[in-house]
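The values are calculated or read from the model by the stated rules, or taken from the named source; none is laboratory data. What you are looking at is a predicted structure, and each value in this text was computed from that prediction instead of being measured. Cβ placement follows ideal geometry from the backbone for every residue including glycine, while neighbour counts extend to all protein chains displayed. Just so you know, the surface numbers come from the protein's heavy atoms only, side chains and all, with ligands and any DNA or RNA stripped out. Shrake-Rupley method; radii C 1.70, N 1.55, O 1.52, S 1.80 Å.
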Amino acid sequence: MHLARFPRRRYTAGPTPLDRMPHLEQRLAADLGRPVPELWIKRDDLLGLTAGGNKTRKLEFLVADALAQGADTLITVGAVQSNHCRLTASAAVREGMACRLVLEERVPGSFHADASGNHLLFGLLGVERAHVVPAGTDLHAAMEALTADLDAQGRRAYLIPGGGSNALGALGYVACAEELMDQSFDQGVAFDHLVVASGSGGTHAGLVAGLHGVNANLQITGISVRAERGAQEAKIHGLAQEVATLAGVAAPVPQAAVAVEDGYVGPGYSLPTDAMVAAVRLFARTEGILLDPVYTGKAAAGLLDLVRQGRFAAGERVVFVHTGGAAALYAYRDVVASQVPTA
Ligand SMILES: *Cc1c(COP(=O)(O)O)cnc(C)c1O
């Protein structure tokens with residue numbers, strides 16, 4: 001792999017921290033009455049741009065490509081509380097570009113023009129216009145139509161797919177895989193397992209491709225936030241193979257390198273579950289780390305359940321990739337709010 005061959009913008013000063021979570025380990029060991037594996041966290045919630053998260057890494061490659069093509073406007077798509085849309089808008093500000101969004105109302109009635117969370121930030125970041133469309137709309141066609149409109153006005157739009165999850169965007173997580181392996185070596189911690197949220201798939205697929213490319217031999221588990229296991233595994237495997245090829249990895253990505261758990265979605269994408277709320281509270285109260293309601297809260301619910309089930313042996317080391325998203329918590333006030341005792 002030779003990532004320096006790809007144009008890249010830099011939106012984060014250095015590597016994100018790789019930390020152990022000792023208080024979370026102690027709490028789980030006390031609850032279970034037995035030793036638990038070492039639990040580590042890769043703090044990709046501390047990436048750059050506005051309240052950065054995993055999309056920051058993808059945008060480094062995607063926006064560099066947009067600039068190389070002479071684009072003046074970024075167009076992308078996401079759900080009504082999309083972190084990806086927030087970070088695309090932020091990258092546009094950073095580059096002096098305009099930003100237009102297509103917002104898919106995946107859950108009917110979920111769009112509120114006065115919503116908090118990411119929606120509030122779309123406005124603050126100066127998004128030029130958001131086009132709200134119902135679930136089931138052909139999103140690519142909607143973005144193409146917007147592009148044609150702007151081109152007719154003499155502008156030049158660059159279209160970024162949902163979640164930034166094409167092969168170029170997923171290179172951001174090949175870079176993360178390399179960064180993680182460097183830190184693992186520097187800090188003297190050899191991981192056995194990695195757990196990460198799996199949505200549009202660029203993050204999971206980039207990690208699979210990158211860790212395969214360096215023969216890391218650690219087991220990656222993607223926690224689905226939306227799709228059913230078989231469909232998600234097929235999608236991730238296909239994208240991982242594309243990314244690996246783009247990055248110059250010769251050996252094919254084995255199907256066995258892709259594993260998805262789909263038992264933590266609950267009633268559907270972005271809809272709260274009790275296990276999500278419990279995970280958000282537990283990470284906040286043991287480690288002072290904010291998870292989000294849509295992705296990392298459900299991924300952490302999966303991590304905690306796999307620990308409880310004994311999926312990882314005591315003495316093994318597990319790294320959880322925190323992909324960000326806490327800005328969305330403010331749009332889920334009624335679900336996550338906890339009363340502070342007052343005197
Ligand atoms: C988009 C997102 C994910 C999922 O990443 P994909 O690459 O789309 O699978 C996970 N966590 C957060 C906070 C996100 O915004």
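Here are the numbers:
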| quantity | calculated |
| --- | --- |
| Cα centroid separation, the stretch 125-200 to the stretch 289-306 (Å) | 21 Å |
| In order through the stretch 125-137: 3J(HN,Hα) via Karplus (6.51 cos²θ - 1.76 cosθ + 1.60), integer Hz, x for Gly, Pro | 7, x, 4, 5, 6, 10, 9, 8, 10, x, 4, x, 5 |
| Degrees, to the nearest 10: 202-213 long Cα axis against longest axis of the chain | 60 degrees |
| Listed peptides 163-171, 208-216 by packing density, highest first (mean Cβ within 10 Å) | 163-171, 208-216 |
| Cα-based Rg of the stretch 55-164 normalised by 2.2 N^0.38 Å, two decimals | 0.99 |
| Length gained when the stretch R9-A278 is fully extended (0.36 nm per residue, less Cα-Cα span) | 93.1 nm |
| Cα long-axis angle, helix 167-186 against the chain (0 to 90 degrees, to the nearest 10) | 30 degrees |
| Charge dipole (debye, nearest 20) of the chain; +1 at Cβ of Lys and Arg, -1 at Cβ of Asp and Glu | 320 debye |
| Contact order relative to length of the chain, as percent, for alpha carbon pairs under 8 angstrom and 6 or more apart | 21 percent |
| Eligible aspartates and glutamates near K298 by straight Cα distance, threshold 13 Å, same-chain separation 8 or greater | E261, D262, D274 |
| Amide H partners (placed H, <5 Å) of V102, local residues excluded | T76, V77, G78, H131 |
| Rounded if a/c under 1.5, otherwise prolate or oblate - the chain, Cα gyration tensor axes | oblate |
| Protein accessible area in the stretch 55-164, 1.4 Å probe - carbon and sulfur % | 53 percent |
| Per residue, the convex hull volume that the Cα atoms of the stretch 147-274 enclose (Å³) | 151 Å³ |
| For the stretch 55-164, size of Cβ-based charge dipole, Lys and Arg +1, Asp and Glu -1, in debye | 300 debye |
| Leading residue at positive end of dipole, the chain (Cβ point charges), from V93, S110, A250 | V93 |
| Mean Cα-pair separation over length for the stretch 55-164, i.e. relative contact order, pairs under 8 Å, 6 or more apart, % | 37 percent |
| Computed [θ] at 222 nm, helices only, for the chain once each DSSP H run of length n ≥ 4 contributes -39500 (n - 2.57) | -13000 deg cm²/dmol |
| Per-residue HN-Hα couplings for the stretch 246-260 [Karplus 6.51, -1.76, 1.60; θ = phi - 60°; Hz; x = Gly/Pro] | 4, 7, x, 7, 6, 5, x, 6, x, 4, 5, 6, 10, 10, 10 |
| Selected from S338, V277, L62, residue furthest toward positive end of dipole (the chain; charges at beta carbon) | S338 |
| Modelled FRET efficiency - R0 35 Å, E144 with D305, Cβ distances, 0.05 increments | 0.30 |
